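For reference, the structure discussed in these notes is given below.
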Amino acid sequence: MDLAEVSDSDLALVGGKAGKLGELVRQGLPVPPGFVLTTEAYRKFVDGTALVKEIPEAIGSIDLAHPETTEAASRTIRDAFDRAEFPEGLQAAITEAYAKFVKRHAVQFSAVRSSATAEDLEGASFAGLQETYLNVSGNDQLLAAIKRCWSSLFTPRVLVYRQKKGFDHLDVHLAVLIQKMVDSVVSGILFTRDPNTGENHMIIEAGWGLGEAIVGGEVTPDHYVVDGVTQKVVHKQISEQRMRIVRAEGGGNRREEISADVGRSQKLSDHRLARLVSLARLIESHYRRPMDVEWCADADSLYIVQARPVTTIPTSTVSRDGAAGPDSSAAKDDQPLVRGFGAAPGIASGVARILRGAEEMDRILAGEVLVTTMTTPDMVPAMSRAAAIVTDEGGMTCHAAIVSRELGVPCVVGTREATRKITEGSQITVDGKTGQVFAGARAPKAAAVASGGTAGVHHSGEGVPVTATKIYVNVGVPEKAEEYSHLPVSGVGLLRIEFIFTAHIREHPLALIKKGKKDELVRRLAEGLGKVCSAFHPRPVIIRTSDFKTNEYRGMPGGEEYEPVEENPMIGWRGCSRYISPVYKPAFLCELEAIQKVRTEMGLKNAMVMLPFVRNTWELEEITEMMRAAGLRRSRDFQLYLMAEVPSTVLLSREFSKHCDGFSIGSNDLTQLVLGADRDSETLGRMGYFDERDPAVMAAIRMLIEGAHESGRSVGICGQGPSVYPEFAEFLVREGIDSISLNADTVVPTIRTIASLEQRMKLHSLRERRPNA
């Protein structure tokens, strides 16, 4: 079987190593080409020779209390493999497959590698126990290497390990993976999490030549530690290497000495290190668990040659956000029920309530865990009652992730199978930082608070440094306003009006208007907005007018009558295009009336407006005319902001500046439109395409800041990027961003990060001004 045709689901046929590498080939990762001699070939070889009797007889003589019996059995079986001849039909099939492989991929040397059906498993990796033969050349060497791979199922250490892990010796079969040999200049291993502590650090080791020298402990490799969040190297230890293993002339391996200069140099260049870290992130994202990765590189390219679960992470590190760890009395199973993306930090336990849609949301009680395929905007009331949220679908920018972060509710998204694997009414624990969901009540009720939940946001500001960059907070629902108002922030940078629709009104606005309930709609909108403005007064509250997509609006009661079905709602009828359409204009006018009501009748002049998804200036002119007619005219007391999400806003920032007082970067939409990467695509997200740190996105942000500042307009950003990626925050501060609006749980730590950045910039500036001595 071609390696590109196999996957983890073929374990019984191709073994663990080949199955996992086949998965990575399908994900587009660089894996040397190869084909698999399946376990059927192993069975044909054993059943067609005297081995069918010799293997069980030898195994029957093993007594683990007497190690010599294990060694004797191993010698007997391996000698029998060496003596056995290939059945004629099997040898011909292998020879033909190898000839095609050599011709197709211009193969000179091959790697012949074991791939057992009990290998690279979670809890039992069998790492390095079966044998591999490198730099194999020619058909005769290949056939001999295959037999030695097969017989390595019965080395003494494998027999003992298998016995201790509870595997039946006769039930384990071996496939053989034959790959094009990489002429390795440098190679090594990588753990996507620290295997000793479970901390979110990548551990990378690298050495010159083939990796056998590292695996065999013959050399001390370079050691690199990379922060799992920032992807920056936090520790680097360069070791002296005096010897390396390389290809021998004609095939096989040889050892050679290397010069002191080469031996003391850094084995993995910074560029290749960054590339390797990027590949490792994709592998861990695909498998949704910490992974042990083997890699190598020739003069031109990096390759992944093995990936298996890390089996040694201490179970006490499952909770790592400062909350109380798993309750020992409830720790029934150390393996999570499901894994996904950790979308909102915190740990919480509760009864699982599986909802099939918004129509069932009244079933969830306060303190229960909401489990669903994917949340929709009209499920916000249920989300605000939930102790935690778990979804089958979605990535870090999906609805569930964004809302959960703003509500301060632990959330895991993109598990693929939560609604199938989690039992309705069972007690579960959700770890929103690591993306894992466990059976049982593993966290006390206060755990979510301790690890980043909503009650942790009360902060007087004492001891928090002052920053030149203004810091705002995002508010999801009005009920959180009083709580968030105690944070050391300059105001609210983002209050989404559609959350008030979903949490308080819960019906399509046009449906309400049709029923003659326009005044009620305006009143309830104003009450929700007023609650936030009152809590933060006199600090500004920037209200973003509604930005529902058609698929979101259509799901609301009464929505089907007004909402078309669009193929791609992300770039469809949304944002400002709704406001100027005759169909939706009456609903938008209700939003403006409610905002004016807050400013005049309630006397809350701190209510400002921000327009989403602005595409061009002519629609903006029409909208600002509607605003003036509603009494909302730009002045010293009333500012109008634009979301910078569409590239046209960036490219023509000086033109747009004539119609507004400032911009707020919507990094999620800007990223998807600059890179052409659908923010809702799990596939692209897992492959690493959706990243606001992409050079093109950062260039767009830089262009916007320059154009806006030249026109005397401010630029802010609302999103999680600056709190998740310190290097992104540093980029924004260096480019002169005026403000950053954050989710409540990240405000204080991000303020400290930005204060430190500003201080470093100030010191650097002073040094540059200092005259030379």
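The values are calculated or read from the model by the stated rules, or taken from the named source; none is laboratory data. Please read these numbers as outputs of a predicted model, since none were measured by experiment. Virtual Cβ from ideal backbone geometry, glycine too; neighbours counted across all protein chains shown. Ligands, DNA and RNA are excluded from the accessible area calculation, which covers all protein heavy atoms including side chains. Shrake-Rupley method; radii C 1.70, N 1.55, O 1.52, S 1.80 Å.
Condition check ((1) of a type outside the set (D, E, K, R); (2) open to solvent by 60 Å² or more (accessible area, probe 1.4 Å); (3) under 31 Å from the mean Cα position of the chain (by Cα)) across all residues:
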position	(1), (2), (3)
Thr220	yes, yes, no
Tyr224	yes, no, yes
Asp227	no, no, yes
Gln231	yes, no, yes
Val234	yes, yes, yes
Met243	yes, no, no
Gly252	yes, no, no
Does Ala4 fit the bill of being out of contact with any helix residue (DSSP H, G or I) (no Cβ under 8 Å at 6 or more places or on another chain) and hydrophobic (A, V, I, L, M, F, W, C)? no
Checking Ala443 against (1) buried (at least 23 other Cβ atoms within 10 Å of the Cβ); (2) more than 30 Å from Leu732 (Cβ to Cβ); (3) of a type in the set (A, V, I, L, M); (4) at pLDDT 75 or above, only one condition comes out false. Which one? (4)
Arg578 vs (1) over 25 Å from Gln720 (Cβ atoms); (2) within 37 Å of the chain's Cα centre (by Cα); (3) open to solvent by 60 Å² or more (accessible area, probe 1.4 Å); (4) not hydroxyl-bearing (Ser, Thr, Tyr): all pass except (3)
Any residue at all in the stretch 690-708 that's of a type in the set (Val, Ile, Thr), touching an Asp or Glu at 6+ places or on another chain (Cβ under 7 Å) and farther than 27 Å from Arg275 by Cα? yes
Residues of the stretch 403-429 being at pLDDT 90 or above and either open to solvent by less than 20 Å² (accessible area, probe 1.4 Å) or touching a helix residue (DSSP H, G or I) at 6+ places or on another chain (Cβ under 7 Å) (or both), in sequence order, are Pro410, Cys411, Val412, Ala418, Ile422, Ile428, Thr429
Among the residues of the stretch 645-680, which ones are among the small types (Gly, Ala, Ser), open to solvent by less than 40 Å² (accessible area, probe 1.4 Å) and over 15 Å from Ile543 (Cα atoms)? Ser648, Ser653, Ser657, Ser667, Ala677
Going by what's in this entry, would Gly603 be described as modelled with pLDDT under 95, open to solvent by less than 20 Å² (accessible area, probe 1.4 Å) and farther than 22 Å from His659 by Cα? no
Might you check whether a residue that is among the polar types (S, T, N, Q), open to solvent by less than 60 Å² (accessible area, probe 1.4 Å), over 29 Å from Glu23 (Cα atoms) and modelled with pLDDT of 90 or more occurs anywhere in the stretch 261-280? yes
Only residues that are within 21 Å of Glu520 (Cβ to Cβ) and surrounded by 15 or more Cβ atoms within 10 Å (Cβ to Cβ): list them for the stretch 548-562, please. Phe548, Tyr553, Met556, Gly558, Gly559, Tyr562
Over the stretch 471-487, the set of residues polar (S, T, N, Q) and either open to solvent by 30 Å² or more (accessible area, probe 1.4 Å) or assigned to a loop (DSSP other than H, G, I, E, B) (or both) is Ser485
Just the residues that are buried (at least 17 other Cβ atoms within 10 Å of the Cβ) and closer than 21 Å to Phe536 by Cα, please, taken from the stretch 612-644. Leu632, Phe638, Leu640, Tyr641
Looking at the stretch 672-685, is at least one residue over 30 Å from Glu23 (Cα atoms) and assigned to a loop (DSSP other than H, G, I, E, B)? no
Criterion first (modelled with pLDDT under 90, touching a strand residue (DSSP E or B) at 6+ places or on another chain (Cβ under 7 Å) and either of a type outside the set (A, V, I, L, M, F, W, C) or not in a helix (DSSP H, G or I) (or both)) does Gly28 satisfy it? no
Tell me yes or no: at least one residue of the stretch 171-181 is closer than 30 Å to Ser151 by Cα, at pLDDT below 90 and either among the small types (Gly, Ala, Ser) or surrounded by fewer than 15 Cβ atoms within 10 Å (Cβ to Cβ) (or both). yes
Can you list the helices (runs of 4 or more DSSP H) lying wholly within the stretch 546-649 that have 1 or more residues being closer than 24 Å to Ala503 by Cβ and polar (S, T, N, Q)? 550-554, 585-600
Exactly one of (1) more than 30 Å from Val724 (Cα to Cα); (2) open to solvent by 30 Å² or more (accessible area, probe 1.4 Å); (3) at pLDDT below 90 is unmet by Ala213. Its number? (2)
The stretch 63-98, residues that are closer than 20 Å to Thr39 by Cβ, loosely packed, with under 13 Cβ neighbours inside 10 Å and of a type in the set (A, V, I, L, M): Ala92
Here the residues within the stretch 398-422 that are of a type in the set (Val, Ile, Thr) and over 17 Å from the mean Cα position of the chain (by Cα) are Val403, Val409, Thr419, Ile422
Quick check: is even one residue across the stretch 36-45 over 30 Å from Glu88 (Cβ atoms), in contact (Cβ under 8 Å) with a residue 40 or more places away in the chain and crowded, with 22+ Cβ neighbours inside 10 Å? no
Filter result for the condition that a residue is modelled with pLDDT of 80 or more and surrounded by 23 or more Cβ atoms within 10 Å (Cβ to Cβ), over Glu735, Glu706, Glu692, Glu730: Glu692
Give me the pairs: first residue in the stretch 386-412 and within 20 Å of Val473 (Cβ to Cβ) and among the small types (Gly, Ala, Ser), second residue surrounded by fewer than 24 Cβ atoms within 10 Å (Cβ to Cβ) and modelled with pLDDT under 75, beta-carbon distance under 6 Å, and six or more apart or on different chains, which are they? Gly408/Thr454
Filter result (open to solvent by 10 Å² or more (accessible area, probe 1.4 Å), hydrophobic (A, V, I, L, M, F, W, C) and not in a helix (DSSP H, G or I)) within the stretch 488-535: Val489
